[in-house]
Amino acid sequence: MPTVIDTDDVRRMLAEGAQLVDVLPAETFAREHIAGAINIPIADIASARDQLDADRPVIVYCYDHECDLSARAARRLELLGCRDVYDYAASKTAWLGAGLPGAGLRGDGDRAGAAAHRDVPVVGPDATLADAAAVVGAWEVVVVTDDAGVVLGAVRREALDGGNLDHSVAAVMHTAVPTVRPSISARQLARSMDDDGEERVLATTYDGRLIGLVRRRDLDVY
């Protein structure tokens, strides 16, 4: 049976020369796919041996974890004689949700991640308000993350004006700070922010790691 691998495995294996196959329909592939992938729709998988290098590992993906096309295509490749086949079960949404490169008609520039300010100030959960005040500069918020970069909350600028700066950021941070994946289209995010009355959101990976701050006004150029 094909080995199921995660995003980190895919990145490593691609760097080592693995082949990446998108088994979604051609029109879906044209619209958006993982950068560097080739398209062999599952309907055409019987011809895959003619398009692949038998001496290199093959990674197969589809749309998301709920889609079974990658598992089915990977197994079919094995039955066709491919020796080293891997199923990237989390697939395209996980890759793009991690802010990793995409390609196609949509392109990275149309995604919210392209508008993210990656230099937004960050402190750890054990920081004080004085620590946050020291890095806030002209920013509206200071983001609180753990050692892995996972967002725990955010401290608004107004919380740093006056009061006791010896308090922990954990005592005043906004834990329900809105987040989006960097793969969402800029136009879709703009509409969502307008509907929710949000001036800014944080772009994070699918596992909660901070990418940057997206301001509503920056989305008008997309």
(request) Filter the stretch 173-191 down to residues that are buried (at least 18 other Cβ atoms within 10 Å of the Cβ) and either more than 19 Å from residue 93 (Cβ to Cβ) or not hydrophobic (A, V, I, L, M, F, W, C) (or both), then give me how many there are. (result) 6
(message) Out of 44, 87, 22, 53, I need the residue that is in contact with a strand residue (DSSP E or B) (Cβ under 7 Å, 6 or more places away or on another chain), among the acidic types (Asp, Glu), over 30 Å from residue 212 (Cβ atoms) and at pLDDT 95 or above. Which one?
(response) 87
(request) Search the stretch 142-153 for residues being touching a Leu at 6+ places or on another chain (Cβ under 7 Å) and aliphatic (A, V, I, L, M), and hand back the single one that is surrounded by the fewest Cβ atoms within 10 Å (Cβ to Cβ). (result) 151
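Condition check ((1) under 20 Å from residue 140 (Cα atoms); (2) without any contact (Cβ under 8 Å) to a residue 40 or more places away in the chain; (3) part of a helix (DSSP H, G or I)) across all residues:
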| position | (1), (2), (3) |
| --- | --- |
| 177 | yes, yes, no |
| 190 | yes, yes, yes |
| 193 | yes, yes, yes |
| 203 | yes, no, no |
| 207 | no, no, no |
| 214 | yes, no, no |
| 219 | yes, no, yes |
(message) I need the full set of residues from the stretch 204-219 which are more than 14 Å from residue 121 (Cα to Cα) and touching a helix residue (DSSP H, G or I) at 6+ places or on another chain (Cβ under 7 Å), in order please.
(response) 205, 206, 216, 218, 219
(message) Is it the case, given these coordinates, that residue 152 is part of a strand (DSSP E or B) and in contact with a Phe, Trp or Tyr (Cβ under 9 Å, 6 or more places away or on another chain)?
(response) no
(message) Criterion first (of a type outside the set (D, E, K, R), at pLDDT below 90 and surrounded by fewer than 17 Cβ atoms within 10 Å (Cβ to Cβ)) does residue 206 satisfy it?
(response) no
(message) Given the criteria in contact with a strand residue (DSSP E or B) (Cβ under 9 Å, 6 or more places away or on another chain) and either among the aromatic types (Phe, Trp, Tyr) or within 30 Å of residue 34 (Cα to Cα) (or both), does residue 151 qualify?
(response) yes
(message) If I filter the stretch 174-184 for residues that are outside the structural domain of residue 64 (by TED's automatic domain parsing), over 15 Å from residue 201 (Cα atoms), touching a Leu at 6+ places or on another chain (Cβ under 7 Å) and not polar (S, T, N, Q), do I get at least one hit?
(response) no
(request) Out of the residues in the stretch 150-181 that are of a type in the set (Gly, Ala, Ser) and within 24 Å of the chain's Cα centre (by Cα), state the one that is nearest to residue 121 (Cα to Cα). (result) 154
(request) Taking only the stretch 125-141 into account, find how many residues are touching an Asp or Glu at 6+ places or on another chain (Cβ under 7 Å) and surrounded by fewer than 17 Cβ atoms within 10 Å (Cβ to Cβ). (result) 2
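The values are calculated or read from the model by the stated rules, or taken from the named source; none is laboratory data. No experiment lies behind these values; they were computed from the predicted model shown. For neighbour counting, all protein chains shown are included, and Cβ atoms are generated from backbone atoms with ideal geometry for every residue, glycine included.
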